[in-house]
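The values are calculated or read from the model by the stated rules, or taken from the named source; none is laboratory data. Not measured: the values here are computed from a predicted model. We place every Cβ from the backbone using ideal geometry, glycine too, and count neighbours over all the protein chains shown. When the accessible area is computed, the model is the full protein with side chains, heavy atoms only, and any ligands, DNA or RNA have been set aside. Shrake-Rupley method; radii C 1.70, N 1.55, O 1.52, S 1.80 Å.
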Amino acid sequence: MELSKLQQRFGGLQDKYTGLLSENKSLAVRATKVPTEVTTLAREHERLVKDLADTHYNMGVIFAKSEEYARAAKEFEMVVELKPDDADAHYNLGLIYAEHLPDRSRALDSFRRYLEANPGAKDATRVRQYIASWRAWEGQDSLEP
């Protein structure tokens with residue numbers, strides 16, 4: 001009697017093993033797709049971040065043209081939060097803080113970050129002169145940014 005119970009139990013375990021083996025193969029096939037899916041999701045995420053940053057940039061331009069400088073600054077701040085190396089957003093923030101929302105330290109920081117992101121920019125000389133003039137006005141020894 002013991003033998004028949006053991007044989008039944010063994011048969012049940014074999015069936016369970018076969019089912020688990022099949023499930024394992026299915027999971028293995030799905031696991032091979034994960035890297036591709038992650039790569040696809042990463043690309044989609046990058047595209048969405050770029051699109052969102054572009055939208056904030058465009059809104060910043062619109063607000064700046066409408067002379068709503070506080071709103072424009074907020075939009076450009078969102079751009080540099082999403083894309084910290086966006087030279088144009090840093091430049092626009094520098095201009096806004098230098099000319100429209102007087103905040104010299106923020107203007108200088110934005111202009112420095114602009115030069116870091118785009119040292120060969122066509123208006124880099126003007127930006128360096130702005131930074132140098134404030135450094136000279138503050139009495140700092142070096143006139144280099």
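Of the GluC sites (Glu not before Pro) found in region 52-134, the ones in coil according to DSSP and having at most 14 other Cβ atoms within 10 Å of their Cβ are Glu67. Compute the label zone of Arg104 within region 61-97: residues whose backbone N is under 15 Å from the point 7 Å along Cα-to-Cβ. The answer is 97. Counted residue by residue at 0.36 nm each, then reduced by the alpha carbon distance between them, the extension gain from Ser26 to Lys5 reaches 4.4 nm.
For the residues Val127, Val49, Val34, a 1.4 Å probe over the protein chains yields an accessible-area ranking, largest first, of Val34, Val49, Val127. Ligands, DNA and RNA left out, the 1.4 Å accessible surface of region 1-144 is 55% carbon and sulfur atoms. Rounded to the nearest whole angstrom, the semi-axes of the ellipsoid equivalent to region 62-145, taken from the Cα gyration tensor as √(5λ), stand at 22, 15, 10, largest first.
For the chain, modelled as a GNM whose springs connect Cα atoms under 10 angstrom apart, the maximal fluctuation among Phe63, Phe76, Phe111 occurs at Phe63. Taking every Cα-Cα distance in region 15-68 and sorting them into 10 Å bins from zero, the calculated P(r) comes out as 21, 21, 18, 15, 12, 8, 5, 1 percent. For region 37-106, the fraction of C-alpha pairs farther apart than 13 angstrom is 63 percent.
Heavy-atom accessible surface of Thr18, to the nearest 10 Å², is about 90 Å², with a 1.4 Å probe and all protein chains retained. Protein heavy-atom accessible surface, 1.4 Å probe, per residue over the chain: 72 Å². Computed from the alpha carbon positions, the gyration tensor of the chain leads to an equivalent ellipsoid with semi-axes of 64, 17, 13 Å, biggest first. Shown for the chain: lysine pairs separated by 8 or more places, or found on different chains, whose C-alpha atoms are under 29 Å apart, numbering 15.
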